[in-house]
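**Student:** Structure below; questions to follow.
The values are calculated or read from the model by the stated rules, or taken from the named source; none is laboratory data. Note that the coordinates shown come from a computational prediction; the quantities given were computed from them, not determined experimentally. Note that each Cβ is placed from the backbone with ideal geometry, even for glycine, and that neighbours are counted across all protein chains shown.
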Amino acid sequence: MTVAADPGADPGVDPKSDLSGRGSVGDVVFRGLAVAAASLILVALAAVFIFLGIEGIPGFNVDAQHYAGQGSFLGLVVPLLFATMYAAVLALIIAVPFSVAIALFISHYAPRRVAVPVAYVIDLLAAVPSVVFGLWGAVALGPYLVPAHAWLAEHLGWLPFFDGQPSGNGRTLFTASIVLAVMILPIITSICREVFAQTPRLHEEAALALGATRWEMVRYAVFPYARSGMVSAVMLGLGRALGETMAIAMIASPKVVISLFIVGTQNPQTIAAHIAQGYKESTPDRLSVLIATGLVLFAFTFLVNAFARWIVARGRAK
Amino acid sequence: MSNIDLSNEETTLSHATLPRGAQWLVGVAAIALGGLALVLGMGIVGAVVIGVLAFLIGYPLWALLVENRRSATDKLITGLVWTAFGIAVIPLIWLVYMVVARGASVISPEFLTYSMRSVTGDEQGGLYHALMGTLIVTGIAALISIPIGIMTAIYLIEYGKGNRLAKAITFLVDVMTGIPSIVAGLFAFALFTLLVGPGTRFGFGGGVALSLLMIPTVVRSTEEMLKLVPDDLREAAYALGVPKWRTITRMVLPTAIGGIVTGVVLAISRVIGETAPLLVASGFNPNMNSNAFDDSPMMTVPVFIFTQLSEATAKGVSYAWGGALVLFVLVMVLNLIARIVGTIFAPKTGR
Amino acid sequence: MSIQVKDASIFYGDFKAVEDVSMSIKPKSVTAFIGPSGCGKSTFLRTLNRMHEVIPGAYVEGKIQIAGQDIYGPNVDPVAVRRKVGMVFQRPNPFPTMSIYDNVLAGNKLNSKRIKKSEADSIVEKALRGANLWNEVKDRLGKPGMGLSGGQQQRLCIARAIAVQPEVLLMDEPCSALDPISTAAIEDLIHELKSDYTIVIVTHNMQQAARVSDDTGFFNLKAAGQPGHLVEFNPTKQMFTKPDNPDTEAYISGRFG
């Protein structure tokens, strides 16, 4: 069962030098570069926190006059945070039904030769820069919606959202949240579309084989399967809406205020829009207040995104 | 309704159904009704709304009368899904139309080659300075982000599979994806306030801010593409006595290059339209400034649009549309390039 | 080149996959490994050119010598080992971005070795002739390798492996993804390659082992979750007529596995 080693079988080869490691220098260098790049991301994020902290933390407690007439940091940041949340939720309320319907349209309803261009058109919507959306909302959509503002204030005035003097130029949170909805629609649509398309064919065919109509198939086979994916899509849309600056800064005429009223001339202002509109003011104290509100925004969106990830992870674990 | 309801009437295979082409019939009727509304002076929007509502109600109603409730629900949902799509397309078409129509009347050789230096009243100005600024700032962002992003993705896929650093980096890239763009701008501003001096706004700062937004996109898309390269191929290369780094640089990257380039170009097209971070980090400037490291603000197209709109004059608004058209064309060209690259590098089968 | 294995055990982290394998593989012969799924025969094959190291946490105890030299010794570069010990995989895996010509030269191209055009041409022709593929592809060397049929792709992979002039060729179930006609072509090729290379082949197909090999090793598991081990290693003829071990006989006669 054993055969002696036979060095004579390899004439002319010095086995000792043959296998020894020549230069894995390339490997070491390349690996080093990859590790360095990855670590740089660690460093960059740490830097974000450190520098925003150094510049922003003093902003939590400066002279009262720097808080845009609100007297204290909390007095400023609470209304701003409220407005940020409010605008994002309004946008979601508008965007989610449309996004789900369009995702269904692409994945289950439209014939293939329609679905492909439609998906492309929705992606195109995602490519439009936010400043262009803002311009369109301020100059085109807002004025067009003035009659709608008046109608809402007149007929639905008993609701707190519409109770007051309607704006005469449409530059309101109402217009802004419609624009915001259009902006987050593509991201929610594309994620929903993916999870809908991943529904196992077997589930769908089983439903159809039981005599279900198409809607029943969607309701009993597709939606249950896609639920966690849809929730995370909505959360990601929310995260996007929270951080969006330009649409609101360009469209809604602002006031630092907690108010549900969305069709008037004084609209609750969001954190991001507040920073964008205050960027020109160059007193160091005012700037550190703005940076401090930015930190709050960062922390808040981080929480929302973390929650979205947690839902995705939980959905996967099932 | 918790179960699919199979009612008695379904036990026979045939039952009353709508005639073939029923939806077209209802459609024509709905259009007629809309036309009637238009004649009665309800305006084009009112007429369309009435027509759509007529279809949405009429078609399921007919199904309800002739067929059954389940079929009617199905038809109602089908109608709603189509309507939702129709409504969502309106803003896109409207926006593209406005940008092209309003922008085209502003675009002229002067608009593209003048800056806003000492432009007052109705004098002709332009966005040359902003266009150059956008190219410079985006270029800086790309120069920083592409190598870091691609090397990080290589680390995550090729070296770090499952280890602790890789897990931490994956998490941090996720966090970076969620950084609000204005916070990225504040970061660059805070960084250079400390490094250079208070109130520093310059092109390089804008580039740093944009790279913070661009890196996670590049990492993500490159990761996806590297994952698509089968392990079989890596093993084949190792088995030929090729060191790992050469396997990556000469086999894995060339195999994935189409997708990587597409992802990078899309990442560029995403940051090129960013406004908020640039407003904060590179500021605004009516003059031409081609030095990204000079301690003075650098104008960019998105900021140009924003400041022109804030002028609140007819000329300012029309210049803003002009800027929007330029930016829109830039973004669309980048998207087109991404698509073309994606097609060119699609894997060849030779069949 | 002969291969000597002494008390080799293979681990994935804490998990011991293969235990105490010793064998001696004769130069310029065909050695087949057979055994039920999961018995560690492929894992063991991959330790012969250190390919198992691709999986993090995998390591080998014991001694594996090729031509008298310990391939796990200090200062041994796994890359150099793989250049001497080529490998062909279960599924054909030509490089999709490369032409047939470039696929054959991949070992050189990926290592950025500069060679003269005439020399490259002769390497390609020799390797493709060696893999019995030359006549089928000589008119379309510039076409992508992915455009060939499955059997042709596998022979292209063999050509690619022999173009770097290894001394040992490892084949991990090279025919399991192929139709019977392509399989016959590969088996014929193995017979021819034997005159130049030491060949070790893992196969699920006992008839194939009987047809192509000179020696056969039978791997088995004592029980599920236990490490695989080498039950018997003998000349193929003896193995298939009067094996030493009753387990071997049971497996070969189809009573289990």
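**Student:** Inside segment B:55-80, can you point out the residues that are part of a helix (DSSP H, G or I), more than 35 Å from the chain's Cα centre (by Cα) and not β-branched (V, I, T)?
**Tutor:** B:G58, B:Y59, B:P60, B:L61, B:W62, B:A63, B:L64, B:L65, B:R69, B:R70, B:S71, B:A72
**Student:** Please find, among B:Y114, B:Y155, the residue that is free of Cβ contacts under 8 Å to residues at least 60 places away in the same chain, assigned by TED's automatic domain parsing to the domain that holds B:M225 and surrounded by 13 or more Cβ atoms within 10 Å (Cβ to Cβ). Write out each step before concluding.
**Tutor:** Numbers: B:Y114 fails: assigned by TED's automatic domain parsing to the domain that holds B:M225.
None of the others qualify; the one that does is B:Y155.
**Student:** Which condition breaks for C:I64 when tested against (1) within 14 Å of chain B (Cβ to nearest Cβ); (2) buried (at least 19 other Cβ atoms within 10 Å of the Cβ); (3) in contact with a strand residue (DSSP E or B) (Cβ under 8 Å, 6 or more places away or on another chain)?
**Tutor:** For C:I64, the failing item is (1).
**Student:** Residue by residue through segment A:105-138, note down the ones that are assigned to a helix (DSSP H, G or I), crowded, with 22+ Cβ neighbours inside 10 Å and not hydroxyl-bearing (S, T, Y).
**Tutor:** A:F105, A:I106, A:I122, A:V131, A:V132, A:F133, A:G134, A:L135, A:W136, A:G137, A:A138, listed by residue number.
**Student:** Output the residues belonging to segment C:38-82 that are at pLDDT below 90 and among the small types (G, A, S).
**Tutor:** C:G38, C:G40, C:G57, C:A58, C:A67, C:G68, C:G73, C:A80
**Student:** So, one more: Considering only segment B:69-95, how many residues are more than 17 Å from A:A110 (Cα to Cα) and surrounded by fewer than 18 Cβ atoms within 10 Å (Cβ to Cβ)?
**Tutor:** At the first step, the residues of segment B:69-95 found to be more than 17 Å from A:A110 (Cα to Cα) are B:69-73, B:90-95.
Among the residues that remain, those that are also surrounded by fewer than 18 Cβ atoms within 10 Å (Cβ to Cβ) are: B:69, B:90, B:92-94.
The total comes to 5.
Let's see how each residue does on (1) within 13 Å of chain A (Cβ to nearest Cβ); (2) at pLDDT 95 or above; (3) over 21 Å from B:S310 (Cβ atoms); (4) surrounded by fewer than 24 Cβ atoms within 10 Å (Cβ to Cβ):
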| site | (1), (2), (3), (4) |
| --- | --- |
| B:W245 | yes, no, yes, yes |
| B:R250 | yes, no, yes, yes |
| B:T255 | no, no, yes, yes |
| B:G259 | no, no, yes, yes |
| B:V265 | yes, no, yes, yes |
| B:E274 | yes, no, no, no |
| B:N287 | no, no, no, yes |
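**Student:** Now for a separate question. Output the residues belonging to segment B:197-232 that are within 10 Å of another protein chain (Cβ to nearest Cβ), closer than 29 Å to C:F89 by Cβ and in contact (Cβ under 8 Å) with a residue 24 or more places away in the chain.
**Tutor:** Answer for segment B:197-232, where residues must be within 10 Å of another protein chain (Cβ to nearest Cβ), closer than 29 Å to C:F89 by Cβ and in contact (Cβ under 8 Å) with a residue 24 or more places away in the chain: just B:V229.
**Student:** Part of a loop (DSSP other than H, G, I, E, B) and among the hydroxyl-bearing types (S, T, Y), is that true of B:S145?
**Tutor:** Considered against the rule, which asks whether it is part of a loop (DSSP other than H, G, I, E, B) and among the hydroxyl-bearing types (S, T, Y), B:S145 comes out as no.
**Student:** For A:M246, are the conditions met, namely being farther than 30 Å from B:L309 by Cα, touching a Phe, Trp or Tyr at 6+ places or on another chain (Cβ under 8 Å) and buried (at least 17 other Cβ atoms within 10 Å of the Cβ)?
**Tutor:** Numbers: farther than 30 Å from B:L309 by Cα: no; touching a Phe, Trp or Tyr at 6+ places or on another chain (Cβ under 8 Å): yes; buried (at least 17 other Cβ atoms within 10 Å of the Cβ): yes.
Taking the combined requirement at face value, the residue does not satisfy it.
**Student:** Right, another one. Does at least one position in segment A:216-229 carry a residue that is of a type in the set (K, R) and closer than 19 Å to A:L52 by Cβ?
**Tutor:** Taking segment A:216-229 first, the residues of a type in the set (K, R) are A:219, A:227.
Then keep just the ones that are closer than 19 Å to A:L52 by Cβ; that gives none.
Checked against the condition, which is being of a type in the set (K, R) and closer than 19 Å to A:L52 by Cβ, segment A:216-229 yields no hits at all.
**Student:** Kindly check whether there is at least one residue in segment A:136-145 that is without any contact (Cβ under 8 Å) to a residue 40 or more places away in the chain, of a type in the set (A, V, I, L, M, F, W, C) and more than 9 Å from chain B (Cβ to nearest Cβ).
**Tutor:** yes
**Student:** Among the residues of segment C:119-142, is any out of contact with any Pro (no Cβ under 8 Å at 6 or more places or on another chain), buried (at least 21 other Cβ atoms within 10 Å of the Cβ), free of Cβ contacts under 8 Å to residues at least 40 places away in the same chain and assigned to a loop (DSSP other than H, G, I, E, B)?
**Tutor:** Yes, some residue in segment C:119-142 is out of contact with any Pro (no Cβ under 8 Å at 6 or more places or on another chain), buried (at least 21 other Cβ atoms within 10 Å of the Cβ), free of Cβ contacts under 8 Å to residues at least 40 places away in the same chain and assigned to a loop (DSSP other than H, G, I, E, B).
**Student:** How many residues, within segment A:279-291, are at the interface with chain B (Cβ under 10 Å from one of its Cβ atoms) and in a helix (DSSP H, G or I)?
**Tutor:** Count: 5.
**Student:** Among B:I169, B:I179, which is the only one that is of a type outside the set (G, A, S) and either over 26 Å from the mean Cα position of the chain (by Cα) or part of a helix (DSSP H, G or I) (or both)?
**Tutor:** Going through B:I169, B:I179 in turn, just one is of a type outside the set (G, A, S) and either over 26 Å from the mean Cα position of the chain (by Cα) or part of a helix (DSSP H, G or I) (or both): B:I169.
**Student:** Within segment B:299-330, count every residue that is in contact (Cβ under 8 Å) with a residue 12 or more places away in the chain and either of a type in the set (S, T, Y) or more than 23 Å from B:L210 (Cα to Cα) (or both).
**Tutor:** 7
**Student:** Filtering segment C:1-10 down to residues that are in a strand (DSSP E or B), within 19 Å of the chain's Cα centre (by Cα) and within 14 Å of chain A (Cβ to nearest Cβ), which residue is nearest to C:P174 (Cα to Cα)?
**Tutor:** C:I3
**Student:** Within segment A:144-158, is even one residue over 30 Å from B:G323 (Cβ atoms) and within 19 Å of the chain's Cα centre (by Cα)?
**Tutor:** Looking for residues that are over 30 Å from B:G323 (Cβ atoms) and within 19 Å of the chain's Cα centre (by Cα), one finds none in segment A:144-158, hence no.
**Student:** Contact list please: Cβ distance under 9 Å, first residue in segment A:229-240 and within 16 Å of A:I94 (Cβ to Cβ), second residue among the charged types (D, E, K, R), pairs at least six apart or on different chains.
**Tutor:** A:A233/A:E194
Here is a yes/no grid of residues against (1) within 12 Å of another protein chain (Cβ to nearest Cβ); (2) buried (at least 17 other Cβ atoms within 10 Å of the Cβ); (3) under 21 Å from B:A239 (Cβ atoms); (4) modelled with pLDDT of 90 or more:
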position: C:Y12; (1), (2), (3), (4): no, no, yes, no
position: C:F15; (1), (2), (3), (4): no, no, no, no
position: C:I25; (1), (2), (3), (4): yes, yes, yes, yes
position: C:A32; (1), (2), (3), (4): no, yes, yes, yes
position: C:P36; (1), (2), (3), (4): no, no, no, no
